[in-house]
Structures are given as structure tokens and as C-alpha cells.
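> If you scroll down you'll find the structure; I have some questions about it.
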Amino acid sequence: MLGIIRRFGLNRLALMATLALGTAQAASMERDFSVRMILSGTQSWKGGLQFSEATTAQDYDLSVRLRSNGFLYSDNLLDPDRETRLSVKQQYYARQGLLQLKAENGGKLPQTVPELAALADRARKSSAACADEFECHYAAMQRLAAISVLETNTPKEIEEVLASPGGGNEPRYLFFFGYPGCATRLHITYEVHIAGKRAYDREHKKPYPFSIDRTADTQGSDSERANLCEKYIITVDVKTGTMYVENFFIPSPPGLSVQTINGQVEREMRDLPPPPIVLDWTGALMRQNKESGHENVVLDMTLPLDGNSTFLGDFTGKLKLDMTWSFKPASLPAAPRPK
């Protein structure tokens, strides 16, 4: 963890000259990350005597409220370079853990070996007891990162880190995170219809009529909407208006799948994920883009819409994708979705 001190110390003169700008922004703020994505497409499949035709129509409408502490950092938490990103994240988590330890210790950081040993032991036990609680794991991670810094750096070096916006030349990045109970909106409609003939024998020479219908229309359960608050981290470069989204998440709605094979019907409830090409394309789009925008593209669908790749052959199709997004200051609760 010495890297945290060395990185922050590289541009100390430049940082001190701009520190006032960073600290002047230290007021909590919230923004709504809103996305509307509409998909429609067709797909054909041919595999020897087997064939199918498929259609899909999917509509994703979601909004998640994220919070920033308002402090301008000089490093991008979601830097496009992987090594830089991992380094900045490590520094950020350590910094947050150090601030928390100071708050719990009367404004002072623990320094003695016994104090640090006791802290490390409590942090490990706390992490083990977190179960599936997101906030608990997050706090434990920050605390462990902070302890590592305390073990390898002097109090003076640490205080310099806490007073600095980072190792870059200019404070310009706001970090936004979800939080427990954040405001969310979610509405997904989903339809997939596939029909044709498939052979279920080993030689694939006895095809039977089959069809698959999958449908969903959901605004999400309380837990599903709450889960959205854990999924998004966004960095904003206030100088350029560029937004960086980590691991852009598209929910898979629970829905009904009805499969009919030679007249035999099977029904099951299951999660209905968007086509893989959509996950790849939207993830790349949101990794670094404007704070608001609109894209309309046509993508090739070469993977089966039902996700079953055990049936070999050629899948061809086109998927129209219309996507609008924005990341704006939070205002009143979102209006009901128009009919």
C-alpha cells in the first residue's frame, strides 16, 4: 500500500494549488441515472432438417438515484486503463476507511501495534459476519484497506493523503454510488416467440414441431428494485461532462416460459435475460460517454434467442436497439410511465 502515498505525493505542489477547488465542492449531491431501452428483432435458424423463426420485443425503463459526497477528486475511479483504475480504487477505499476510523476514534487514527492488531481482528470478524449484506462487505473492505495503509505509512504521510484530492493535476471527478433505500423506478416488458422443428434424437433426423413463448411485464419486487441500488457506480468528469459507468447492469425480469414439443407443454417461471449482444454493446457504450444521449442501432443476432446453444446450426437475425439515457440532478419522483 505504499503506492498510495507515492502516487499522491508525485504532484503535491500542483495539488496544493488546486485543493481549494476540491474542498469547496464538498457538499452531498444526488443524481438520477435513467435509461430507456427498446428492442425489436427477428431471427432465423437452420440446422440440417431443423429450423425455426423467432421474434422478440423488449422494453426496459429504469431509474436509480446515486449519491456523491460532492468532493472533486483528481483521479478517475473508473479510469479506462485497467491498472490505473485498480490503483485508484484501492486508494479510494483506503481513504474512506481512514476517514471512518478517524470518526470512530475521536478524530485521531490508531497508531500503536496493539491498536492496529485489534482493528485488523475486528475487521476480519466483521467481514466474515456480513453474509450477503452489500453495505457490510463494502465497509469491511474499506476498513481492511485503511489498516494496510496504517501499517505501512507514517501519520504525517497519511494526513497529507487525506488532505489531498488525489495524484492527478486537477480536481475534476465526482464519484457517485448507490445507497440503501435509494429511489428507483423499474418497468420491463419482454416477449420472445420461437417456432419451428427440432430433432431431439442423437442423429438429429427426427425433427418435431416445437415452440417457445417467453413473456414478462413487471415493475419489480421491492427486493429487485432495492437491488438496483447496489449495481451502479458512476464517475463524472466535471470539466468535460464525460460520464463513466462501471459494469452497466440490465435486469433480467422474472417471467413465464412456455415450451411446446410435439404437443407436450411445459411451463416454468424463470429469469429472462436480454440477448448477449445487447449486454456487450450497452456495456461498451456506457463505459465512457456523455451524461445524456440517444443511440439507435441495428445489431446482428448470431446467438439463439432462447439461450440454448446445444442445437447447432446457423443463427441469423437483426435486432433494433433504441436507447436513451441521462444522469441528471435528482428532482421530484419520476412521473408514471406513459401508456
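The values are calculated or read from the model by the stated rules, or taken from the named source; none is laboratory data. Predicted model, so just to flag it, every value in this text is computed and none were measured. Here the Cβ positions follow ideal geometry from the backbone for every residue, glycine too, while neighbour counts run over all protein chains shown.
> Could you give every pair whose Cβ atoms fall below 9 Å, whose first residue belongs to segment 62-80 and is touching a residue at least 12 places away in the same chain (Cβ under 8 Å) and under 24 Å from F249 (Cα atoms), and whose second residue is assigned to a loop (DSSP other than H, G, I, E, B) and basic (K, R), counting only separations of at least 6 or pairs across chains?
V64/K231; N76/R172
> Here's something else I'd like to know. N247: closer than 30 Å to Q50 by Cα and at pLDDT below 95, yes or no?
no
> In addition: When residues of segment 51-61 are filtered for being within 20 Å of L228 (Cβ to Cβ) and surrounded by fewer than 22 Cβ atoms within 10 Å (Cβ to Cβ), how many remain?
3
> Is there a residue in segment 275-282 that is under 30 Å from R198 (Cα atoms), outside any helix (DSSP H, G or I) and in the same structural domain as S44 (by TED's automatic domain parsing)?
Within segment 275-282, one or more residues are under 30 Å from R198 (Cα atoms), outside any helix (DSSP H, G or I) and in the same structural domain as S44 (by TED's automatic domain parsing).
> With respect to L279, determine if the residue is within 30 Å of V238 (Cα to Cα), surrounded by fewer than 16 Cβ atoms within 10 Å (Cβ to Cβ), without any contact (Cβ under 8 Å) to a residue 40 or more places away in the chain and aliphatic (A, V, I, L, M).
Against the criterion (within 30 Å of V238 (Cα to Cα), surrounded by fewer than 16 Cβ atoms within 10 Å (Cβ to Cβ), without any contact (Cβ under 8 Å) to a residue 40 or more places away in the chain and aliphatic (A, V, I, L, M)), L279 qualifies.
> Go through (1) within 30 Å of P209 (Cα to Cα); (2) buried (at least 20 other Cβ atoms within 10 Å of the Cβ); (3) modelled with pLDDT under 90; (4) not hydroxyl-bearing (S, T, Y) and name the single condition G48 misses.
Every listed condition holds for G48 apart from (2).
> Let me ask you something else. May I ask you to say which residue of T240, T235 is among the β-branched types (V, I, T), buried (at least 17 other Cβ atoms within 10 Å of the Cβ), over 30 Å from V265 (Cα atoms) and not assigned by TED's automatic domain parsing to the domain that holds E135?
Being among the β-branched types (V, I, T), buried (at least 17 other Cβ atoms within 10 Å of the Cβ), over 30 Å from V265 (Cα atoms) and not assigned by TED's automatic domain parsing to the domain that holds E135 holds for just one of T240, T235, which is T235.
> While we're here: Residue under question is Q111, and the condition is that it be surrounded by fewer than 20 Cβ atoms within 10 Å (Cβ to Cβ), of a type outside the set (D, E, K, R) and either outside the structural domain of V192 (by TED's automatic domain parsing) or modelled with pLDDT of 90 or more (or both); does it hold?
Judged against the criteria, Q111 is a match.
> Report whether or not L150 is in a helix (DSSP H, G or I), modelled with pLDDT of 75 or more, outside the structural domain of R225 (by TED's automatic domain parsing) and farther than 30 Å from F327 by Cα.
yes
> L98 is checked against (1) at pLDDT 95 or above; (2) more than 30 Å from I261 (Cα to Cα) and fails just one. What number does that condition carry?
Of the numbered conditions (1) at pLDDT 95 or above; (2) more than 30 Å from I261 (Cα to Cα), the odd one out for L98 is (1).
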